[in-house]
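To keep things clear, I will list the structure first and then write my remarks on it.
Bear in mind that the values in this text are calculations on the coordinates, not laboratory data. Only a predicted model underlies this, so the values are computations on that prediction, with no experimental measurement involved.
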């Protein structure tokens, strides 16, 4: 198992992700510059948060055309693990690896705060070991409102592709708990093959005991456990 964290111009959560994967989870981890065309033998690819290319045009629109994305797309199409967080989620949607789009928050303001999310499907690599309770995970985005047409939403629900929804501290999925106006409180989804994942909240910012919150660590532990079972 080897993790590759892709770094785009404007990425600012790459170091956080590398720290959690390498220093906390004790996994072999390398950075992959966006101009690379080699995944360096990485089995698990992560697209971190930030503002790739300054979010020009729209978030993730330019990063989708970075040279390394051709290899990331091939990796995903071959069943390889790909995980995008925040800007990474936006890039995956722009790349067509995940359906839908991330729109401006209803408030039209950048939101940076702790929110609660709850796993909706425990049959994926990312969520298999996540407890059935509200997890406190921070968000930091201006374009985090997940949107897709009715047909796509119906397919996501039918196929178990909605992996997280925003909820309150008690795990109740309510309009009040929705921080950005995302349709059906959707905070994260996966593809039909359940090997490509995207979410707006930042689990890497809630995985260190020094921060007083390790709820995000459940996701990383789930990835490792599932990978060991499949080895």
Exercise for review: Normalise the Debye intensity by I(0) for region 1-124, one equal point scatterer per Cα, no solvent, then take log10 at q = 0.14 Å⁻¹ and round to two decimals.
Suggested key: -0.61
Check your understanding: Cα centroid distance between region 127-183 and region 1-17, in Å?
Key -> 24
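Taking 0.36 nm per residue of separation and subtracting the Cα-Cα distance, what length does fully extending residue 77 through residue 227 add? Could you put the intermediate results ahead of the total?
Numbers: separation 150, 0.36 × 150 = 54.00 nm, distance 1.80 nm.
Full extension from residue 77 to residue 227 adds 52.2 nm.
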Review point. Within the chain, what percent of beta bridges assigned by DSSP are antiparallel, to the nearest 5?
Key: 60
Exercise for review: Mind telling me which of 111, 137, 91 comes out most flexible in a GNM of the chain, alpha-carbon contacts under 10 Å?
Suggested key: 111
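Could you work out [θ]222 nm for the chain from helices alone, using -39500 (n - 2.57) per DSSP H run of at least four and dividing by all its residues? Round to the nearest 500 deg cm²/dmol. Before the final figure, lay out the partial values.
On the way: 5 runs with 47 residues, N = 231.
So the calculated ellipticity at 222 nm is -6000 deg cm²/dmol.
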**Study point:** Percent of C-alpha pairs per 5 Å bin, the chain, short to long
**Key:** 1, 7, 16, 21, 22, 18, 10, 3, 0
Review point. Using 0.36 nm per residue, how much length does the chain from residue 136 to residue 113 gain when fully extended, once their Cα-Cα distance is taken away?
Key: 7.3 nm
